[in-house]
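The values are calculated or read from the model by the stated rules, or taken from the named source; none is laboratory data. No experiment lies behind these values; they were computed from the predicted model shown. Because the Cβ atoms are built from the backbone with ideal geometry, glycine has one as well, and the counts that use them run over all protein chains shown.
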Amino acid sequence: MADEPTPNQGNGRGEWHGVPFDVRAPTVARNKSRYWNRDDPRFFTPKVYGAGWTVNLYWLTHLVTYFRQRGKGPKNP
């Protein structure tokens with residue numbers, strides 16, 4: 001008898017000992033959201049495919065803006 005799948009089982013993505021993983025086929029939208037995303041405040045984002053993190057290149061090219069926004073805290077709508 002199989003256990004009910006958890007969010008980390010069966011959908012190809014999740015975390016293993018705190019390290020994010022994603023084994024789904026990469027898409028253009030996911031590539032853009034991980035590699036060049038001004039709206040994501042994280043400097044390191046989960047990889048599009050595989051385990052670990054990647055750099056949000058938007059924030060790498062805009063380091064001054066990144067550190068200014070980090071000092072302001074979360075955005076309020």
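Scanning the stretch 1-27 for residues that are under 25 Å from Trp59 (Cα atoms) and either at pLDDT 95 or above or assigned to a strand (DSSP E or B) (or both) turns up Arg13, Gly14, Glu15, Val19, Pro20, Phe21, Asp22.
Total residues in the stretch 38-72 satisfying the condition of being closer than 23 Å to Val19 by Cα and β-branched (Val, Ile, Thr): the figure is 4. For the stretch 39-52, filtered to residues that are more than 17 Å from Thr27 (Cα to Cα) and not basic (Lys, Arg), the residue that is farthest from the chain's Cα centre (by Cα) is Asp39.
The residues on offer are Thr45, Thr65, and the sole one that is at pLDDT 90 or above, outside any loop (DSSP other than H, G, I, E, B) and surrounded by 11 or more Cβ atoms within 10 Å (Cβ to Cβ) is Thr45.
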